[in-house]
Amino acid sequence: MDGDVFDASTVVWAHGVNSSHALDLALQDEAAILEADVIVIEGVPVMGHPPSTQSDITLATWLEKVKPSSKAVKLDFKTVEAARLSLALVTAFSAHKVEPVWINSDVLPGPNCTGEDAAPSRDDVVSVLQAYARSLPSCVLSLGWWVRAGPTTAITWEMVSAMYDLYADVEADGVKHRVTFPVPARLVLPSVGPLRWLVAKTGGSITLFDRRDDGTTVTDLLVVRSRFRVNQVYYDMTFVDMGRLRTEIWKTSQNCNKL
């Protein structure tokens, strides 16, 4: 039992808030964290998810609309260029917010990715993350792996070791930030050992996400939850019934309280 430890399953997410309409809806609903993707079109950071090359809202406008709310934001930068061009905007936004800004990007090759996959240099990744860490001391670093379909169905020890080394380089100035590692939910159960090591080593967490038809079930998520502390797993899920998951978690807690 984790007593009064914060339960990350209680956090409600709005995922893919990449248009003016989606943002208007998300600002009115119960979501505590708005997740959105940042790309660059003609040198301007805008909201959108590859392969899209169109957007109806710039990052600057998106942040201005969120600023008066009590919502936290998770910005998923799809390229190093998008992150660099957005730094000043995000820094100014953060100065007006109590809630931390989550800075997300896939930073290292993961399952079924090779050195031939197009990716920024490690030095460029560390440099831009250090810039955010210095400018946003309260930010949450959300550091993920590129994942492709293929025979490898787990996050390996080699992958978590490389991630820890990158995280240590970003934090080389000694200022610790909260950190989470986004992982496709379907890969977590075969990866529990390496991921638990990484979470323990960094004092961080994992953030689960899903894709349509990846087969993740509420039962799978309950098993994952049993392998970590309740404050170590966030659920940014789109295609799993989170209401049912929270109900099952509540039932489990009630049964424990009867013991």
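The values are calculated or read from the model by the stated rules, or taken from the named source; none is laboratory data. Treat the numbers as computed from the prediction; the structure is a model and nothing was measured. Quick reminder, even Gly has a Cβ in these numbers, built from the backbone with ideal geometry, and neighbours come from all protein chains shown. The protein model used for the area step is the full one, side chains on, heavy atoms only, and it has no ligands, DNA or RNA in it. Shrake-Rupley method; radii C 1.70, N 1.55, O 1.52, S 1.80 Å.
Assorted remarks:
- When segment 32-86 is filtered for residues that are of a type in the set (V, I, T) and within 24 Å of R122 (Cβ to Cβ), the ones remaining, listed by number, are V38, I39, V40, T79, V80.
- Selection within segment 91-107 - in contact with a Ser or Thr (Cβ under 8 Å, 6 or more places away or on another chain) and buried (at least 17 other Cβ atoms within 10 Å of the Cβ): S94, P100, V101, W102, I103, N104, S105
- Among the residues of segment 211-220, those that are modelled with pLDDT of 90 or more and over 16 Å from V192 (Cα atoms) comprise T217, V218.
- Output for segment 208-235, where each listed residue is in contact (Cβ under 8 Å) with a residue 60 or more places away in the chain, under 20 Å from T153 (Cα atoms) and part of a strand (DSSP E or B): F209, V233, Y235
- Looking across segment 1-49, the residues that are more than 23 Å from A83 (Cβ to Cβ), open to solvent by less than 50 Å² (accessible area, probe 1.4 Å) and of a type in the set (D, E, K, R) come down to D2, D7.
- Residues within segment 135-158 that are hydrophobic (A, V, I, L, M, F, W, C), surrounded by fewer than 21 Cβ atoms within 10 Å (Cβ to Cβ) and more than 20 Å from V80 (Cβ to Cβ), tallied: 3
- Selected residue [open to solvent by 70 Å² or more (accessible area, probe 1.4 Å) and small (G, A, S)] from S52, S86, S70: S70
- Top-ranked residue of segment 15-30 - restricted to ones that are modelled with pLDDT of 95 or more and touching a strand residue (DSSP E or B) at 6+ places or on another chain (Cβ under 6 Å), ranked as farthest from T252 (Cα to Cα): N18
- Only one of P109, P68 that is within 19 Å of the chain's Cα centre (by Cα) and not basic (K, R): P109
- Scoring V5 on the criteria (1) assigned to a strand (DSSP E or B); (2) within 20 Å of I206 (Cβ to Cβ) leaves a single failure, condition (1).
- For segment 113-134, the candidate set comprises residues that are open to solvent by 50 Å² or more (accessible area, probe 1.4 Å) and among the hydroxyl-bearing types (S, T, Y); within that set, the residue that is modelled with the highest pLDDT is S127.
- Residue match in segment 23-32 (condition: among the charged types (D, E, K, R), under 24 Å from T91 (Cα atoms), under 19 Å from the mean Cα position of the chain (by Cα) and not in a loop (DSSP other than H, G, I, E, B)): no
- Test result for G110, open to solvent by less than 10 Å² (accessible area, probe 1.4 Å), in contact (Cβ under 8 Å) with a residue 24 or more places away in the chain and more than 21 Å from S86 (Cα to Cα): yes
- Segment 71-88: number of residues that are of a type in the set (V, I, T) and assigned to a helix (DSSP H, G or I): 1
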